[in-house]
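Only one structure is covered here, and it is reproduced in the block below.
No value in this document is a laboratory result; all are computed from the given coordinates. Predicted, not measured: the structure shown is a model, and the values here were computed from it. When we count neighbours, we look across all protein chains shown, and the Cβ atoms used for this are built from the backbone with ideal geometry, even at glycine.
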Amino acid sequence: MSDATAGDVVLSLEGITRRFGSVIALDQASLRVRAGTVHAVLGENGAGKTTLMRVAFGLLQPQEGTVRVRGVPQVIASPSVALSMGIGMVHQHFTLVPAMTVAENVALGNHGRYDPRAAAERVRSVATRAGLTLDPDAMVSTLSVAAQQRCEIVKALARDVQLLILDEPTAVLAPSEAQELLQWMRRHAEAGHAVVLITHKLRDALAIADDVTVLRRGRTVLAARATATDEAGLANAMLGHRTSPIDGMPSMADELLAEVDVTGAFRTTAAARTGERAPVFMTRDLHVSDSRGVARVRGATMHVYAGEIVGIAAVEGEGQHELLRVLAGRGQAASGQLTHPTEVGFVPEDRHRDALMLDASLVENVALRGAGARRGRVAWSTLREETAQIIAGYRVQASGVQSAARAMSGGNQQKLVLGRELHGAPTALVVENPSRGLDFRATAAVRDALRAARDAGAAVVLFSSDLDEVLLLADRVYAMHNGALTETPSDRDLVGRAMLGSQTSRA
């Protein structure tokens, strides 16, 4: 693929069909990627985006259709074959080994004897050439999420790939980090390479992509130059229709298009909610250290009342994760005052690692709520009834209460976790990146559930790396920088400045 010139079709997927039992994941889907371009692939969860790209990367074999690389029909039988053809993929869930260095991770899969110096120099060379900052000697376990993302990209580029597939790469990044990654994609494409960006974010797609492809229910429903469409056209293609607002809430298409709607149309004032009641969550001069003893939260003071959503806005690594875990009763404070209920619902950002047992049944996963605090025998019949209620109430698509959590899509896994934590009308909820990796339909359902919990009287603390989501949902906002909290007006520019430690007002 190295001799491709700008505009050449370097990868063509034609009439691709892939079934999993009775489920048709791809139905005659197609995609054409040109050299020197960024190609955005959009669609809802379950639309077939990742499945189609896994076919391109050799992780799945099509049951019908043709894969062409630079015009030549190919059978990509495995990822190693794809890499030999110059096709690389960075997955949504990172595949790095935390206990190894960056250089060791990049070298994994190579042949021959491992040479630490040569491996480190290879990382430096590739990272410098790509314009990415990365320390080859750093342990992956110590890296920020953004640095892990860069490591995954360098790992692919170190194999001289000419077409790089990125699956939801901005889902775990702070706004500034996401912008830097998008700018890197643009530069990488302008250098003659091809980038396929799988995303749910219309703004990202139109800002960076040359071409767009939309999948719906396994079919390609739109393939066009980015300049020939707009956000409304993409939203309609993804949905297939517009949905109407219900009970004063935004429709899925409207919320998708109004990503920065922070007018407060769906809020009541914090004063009206709180009155003279005591706060549900309260901290005063709170200090929290991480597992290595490093101070992460420094003198944080905040309060959260019943019937409000309080947002935490921060870039990665500013202490918000440690703060949220202490508020949720999953961590210990070093000093300061802390008030929180005995039972707090907690939705962590990494549902696979911290919220679900993927190979266990949905009933067993629902049983995790309050685990460690319950005593006596498990009432499995009651838990089965609760699980069925959660599936119905949160529209979780699953084959039954005994099916494995692994069998569900990410959106349905997230709805199950949220339903589990909200079941029984909790008085307090801590939520971390609730829409991470979700399409806008699943995102809308999660946001509606959080609003409903607030309106039912719950005190909700929300952190999202998507600043627009914080501003859309929160009644009040605290910005967090270097472990310190500052209550900030719900203004995008002011919050952004506070996240960076600047208190300077706008001119």
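Calculated FRET efficiency, Ala484 and Glu64, Cβ-Cβ r, R0 45 Å, to nearest 0.05? Present the calculation step by step, with values, prior to reporting the outcome.
Working: r = 57 Å, r/R0 = 1.28.
So the FRET efficiency works out to roughly 0.20.
Given points 7 Å out from each Cα along the Cα-Cβ axis, report the Glu385 to Ala452 separation in nanometres with one decimal.
About 2.0 nm separates the two model spin labels.
Roughly how many nanometres apart are two label points built 7 Å out from the Cα toward the Cβ at Arg377 and Ala392?
About 2.6 nm, to one decimal.
If you take every DSSP beta bridge whose two residues both sit in the chain, what share of them, in percent to the nearest 5, is antiparallel? Present the calculation step by step, with values, prior to reporting the outcome.
Numbers: 39 of 73 bridges.
Percent antiparallel among DSSP bridges in the chain is about 55.
Defining a contact as two alpha carbons under 8 Å apart and six or more residues distant in sequence, what relative contact order in percent does the chain show? Please list the in-between numbers first.
Numbers: 1044 pairs, mean separation 76.3, N = 507.
About 15 percent, as a whole number.
Using only the Cα atoms of the stretch 355-424, what are the Rg and Dmax in Å?
My reading of the Cα-based Rg and Dmax gives 11.1, 33 Å.
Taking Lys155 as the anchor, which lysines have their alpha carbon closer than 23 Å to its alpha carbon, excluding any fewer than eight residues away along the same chain?
Candidates past the 8-residue exclusion: Lys49.
To the nearest µm²/s, what D does Stokes-Einstein give for the stretch 376-487 at 4 °C and 1.567 mPa s, using the Kirkwood radius over alpha carbon pairs as Rh? It would help to have the intermediate numbers written out before the result.
On the way: Rh = 15.4 Å.
Taking Rh from Cα pairs, D becomes 84 µm²/s.
Cα gyration tensor of the stretch 96-159, axes a ≥ b ≥ c as square roots of the eigenvalues: rounded (a/c below 1.5), prolate (a/b > b/c) or oblate?
In terms of gyration-tensor shape, oblate.
So what is the relative contact order for the stretch 450-493, in percent, with contacts set as C-alpha pairs under 8 Å and at least six apart? Kindly include the intermediate steps, with their values, before the conclusion.
Numbers: 32 pairs, mean separation 11.4, N = 44.
Once divided by the residue count of the stretch 450-493, the mean separation gives 26 percent.
With r as the distance between the Cβ atoms of Asp491 and Thr227 and R0 = 25 Å, compute the FRET efficiency 1/(1 + (r/R0)^6) and round to 0.05.
0.20
Can you tell me the dipole magnitude for the stretch 355-424 around its Cα centre, using point charges on the Cβ only (Lys, Arg +1; Asp, Glu -1), in Debye to the nearest 20? List each step's numbers first, then the result.
Numbers: 9 positive and 5 negative charges, 27 e Å.
Dipole about the Cα centre, nearest 20: 140 debye.
Expressed in nm to one decimal, what extension gain is obtained for the pair Arg292 and Asp115 from 0.36 nm per residue of sequence separation less their Cα-Cα distance? List each step's numbers first, then the result.
Working: separation 177, 0.36 × 177 = 63.72 nm, distance 3.03 nm.
Extra length available between Arg292 and Asp115 comes to 60.7 nm.
When only C-alpha pairs under 8 Å and at least 6 residues apart count, what is the relative contact order of the stretch 96-159, in percent?
45 percent
Computed from the coordinates I sent, percent of Cα pairs over 29 Å apart equals one of (1) 50; (2) 68; (3) 54. Tell me the label.
(3)
If each of Asp350 and Met100 carries a label point 7 Å out from its Cα toward its Cβ, how far apart are those two points in nm?
1.7 nm
Do the sum for the chain: with -39,500 (n - 2.57) for every DSSP H run of n ≥ 4, divided by all residues, what is the mean residue ellipticity at 222 nm, to the nearest 500 deg cm²/dmol? Before the final figure, lay out the partial values.
Numbers: 18 runs with 166 residues, N = 507.
About -9500 deg cm²/dmol.
Let a ≥ b ≥ c be the square roots of the eigenvalues of the Cα gyration tensor of the stretch 89-133; is it rounded (a/c under 1.5), or, if not, prolate (a/b larger than b/c) or oblate? Present the calculation step by step, with values, prior to reporting the outcome.
On the way: a/c = 1.79, a/b = 1.08, b/c = 1.65.
In terms of gyration-tensor shape, oblate.
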